[in-house]
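One structure below.
The values are calculated or read from the model by the stated rules, or taken from the named source; none is laboratory data. These numbers were taken from a predicted model, which means no experiment stands behind them. Glycine also receives a Cβ, built like all others from the backbone with ideal geometry; neighbour counts cover every protein chain displayed.
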Amino acid sequence: MTKLNTKNTRLYFIDAIRAWAILMMLQGHFIDGLLDNAFRNDSNLLFGIWKYFRGITAPVFFTVSGFIFTYLLIKVPEIGWDNPRIKKGIRRGLELLAIGYLLRLNIFGLFKGEVYSSFYLVDVLHCIGLSILAIIGFYLITANGKKWLLPAVLVATTLVLFLFEPWYKSASFQWLPQWIANYFTKANGSVFTILPWLGYATFGSFTAVLFHKYKYYKYLYPMAIMVCTAFGILLIFYSSDAFWALSRATGTSLFADIFYNNYLFIRLGDVLLVFALFMLFRSFLTNKTLLRLGQSTLSIYVIHFVVLYGSFTGLGLYGFFNHSVSPYIAVSGAILFMVLCSYLALRYEDNKISIKKTMRSYFNSARLALENGLIYGFGTLRNLSLKLAKLFGLIKN
């Protein structure tokens, strides 16, 4: 291949994919949460198309998250713990875990001295946070090895998690504390679990390694588009038949189980086609607002969770209109919901520094007030105790 010298290697199409995925998540959550059950008819063409594309969103989001983090991780020259992205990544992973739990916190329950069971359920932020920490672990383990070792471990992780999903998906993990078991089973109500969703993140990470390796080659995009399209079509239309053939040839029930519920590999094919499509039209996906949305996905997610599901208070659109609106209201409402969350997120990003400074000021003021209150309270309690002790003759004047 012929090398092309260029300084601008930022992959803007990835930001565009993130923007598309977060917008699809917004409308998907809104319509799925509010649309009346009477209109959920799989035989309806429009509903069927919407439902299929809604299922693409999460795999794309996990894959892109793994891609972006890994691309930035291996972009710097430092290796192992000397890589400054390691500490940033650990902090980011823990931050996502913390935000995931905070969004499920109910302050009215805290006032009653109770933490509701929904607080311990696992959602997409928990899994992405853990996926980042896992990728960091794979990177550190392979840092001093051959260059092929990291991508090999990443793609092997994806294959193992996807191939053996029929075996572990039915496990209850009752031997684990429930809050930990929630990361591995949906039996208690978790929306996502680290298995198998880590597999999409590690596949995105594997793809990032390849893009970084060939980032200066002239035919990177034509080759990437062809490879993604070819493998995407194979996974979507032929992977199920391949697993059935393997089952017949080997007599292994595992392959038959995959054939009957082959959603992981089919969705991986969808992800590859999405990548191919966005790479194909990358020159048209340069709108600044679109790219900013792709860089503000966490803010959008938090805002949408508060508005739709009522984080902290339990007062959200879902609680008031759960499965009760018509398609016309659901669709028009979803459009307004996307606009509202995007606008609020971009406004927050524009004023993030001042907002954090103000919040920090309020926090410090509250902390000082609490400290002064405790000092005053302990002083008053001490004086009262001394007076009572003197009154009852327990100590001398």
message: Ser332 - would you say it is assigned by TED's automatic domain parsing to the domain that holds Asn106, surrounded by 13 or more Cβ atoms within 10 Å (Cβ to Cβ) and assigned to a helix (DSSP H, G or I)?
response: no
field: The listed residue being touching a Gly at 6+ places or on another chain (Cβ under 7 Å), buried (at least 18 other Cβ atoms within 10 Å of the Cβ), assigned to a helix (DSSP H, G or I) and modelled with pLDDT of 95 or more, out of Leu198, Leu235
entry: Leu235
- request: From (1) of a type in the set (A, V, I, L, M); (2) at pLDDT 85 or above; (3) not assigned by TED's automatic domain parsing to the domain that holds Asp32, pick out the condition that doesn't hold for Met359.
  value: (2)
query: With the range 1-117 as the region, which helices (runs of 4 or more DSSP H) entirely inside it contain at least 3 residues that are within 24 Å of the chain's Cα centre (by Cα) and at pLDDT 95 or above?
result: 12-34, 45-75, 84-102
statement: Note on the range 174-225: residues without any contact (Cβ under 8 Å) to a residue 40 or more places away in the chain and touching a Leu at 6+ places or on another chain (Cβ under 7 Å) are Phe184, Leu195
- prompt: Does Asp270 fit the bill of being in a helix (DSSP H, G or I), charged (D, E, K, R) and free of Cβ contacts under 8 Å to residues at least 24 places away in the same chain?
  reply: no
Residue that is nearest to Asn83 (Cα to Cα), among those in the range 122-170 that are among the polar types (S, T, N, Q) and without any contact (Cβ under 8 Å) to a residue 24 or more places away in the chain: Thr142
query: Got at least one residue in the range 293-313 being exposed (fewer than 13 other Cβ atoms within 10 Å of the Cβ) and either part of a helix (DSSP H, G or I) or on the phi > 0 side of the Ramachandran plot (or both)?
result: no
field: Extreme residue, nearest to the chain's Cα centre (by Cα), among residues of the range 118-156 that are more than 30 Å from His212 (Cβ to Cβ) and hydroxyl-bearing (Ser, Thr, Tyr)
entry: Tyr120
query: Right, Ile300: of a type in the set (A, V, I, L, M) and either closer than 17 Å to Leu102 by Cβ or in contact with a strand residue (DSSP E or B) (Cβ under 6 Å, 6 or more places away or on another chain) (or both) or not?
result: yes
task: Output the residues belonging to the range 345-397 that are part of a helix (DSSP H, G or I) and of a type in the set (S, T, N, Q).
output: Ser354, Thr358, Ser361, Asn364, Ser365, Asn372, Thr380, Asn383, Ser385
- request: Determine which member of the set Phe184, Phe173 is assigned to a loop (DSSP other than H, G, I, E, B) and either on the phi > 0 side of the Ramachandran plot or not assigned by TED's automatic domain parsing to the domain that holds Phe119 (or both).
  value: Phe173
Members of the range 214-225 that are of a type in the set (D, E, K, R) and either modelled with pLDDT of 95 or more or touching a strand residue (DSSP E or B) at 6+ places or on another chain (Cβ under 8 Å) (or both): Lys218
- prompt: Mind checking whether some residue in the range 200-213 is aliphatic (A, V, I, L, M), out of contact with any strand residue (DSSP E or B) (no Cβ under 9 Å at 6 or more places or on another chain) and more than 19 Å from Val155 (Cα to Cα)?
  reply: no
field: Filter result (over 30 Å from Tyr260 (Cβ atoms), out of contact with any Leu (no Cβ under 9 Å at 6 or more places or on another chain) and assigned to a loop (DSSP other than H, G, I, E, B)) within the range 135-170
entry: Asn144, Gly145, Lys146, Lys147, Trp148
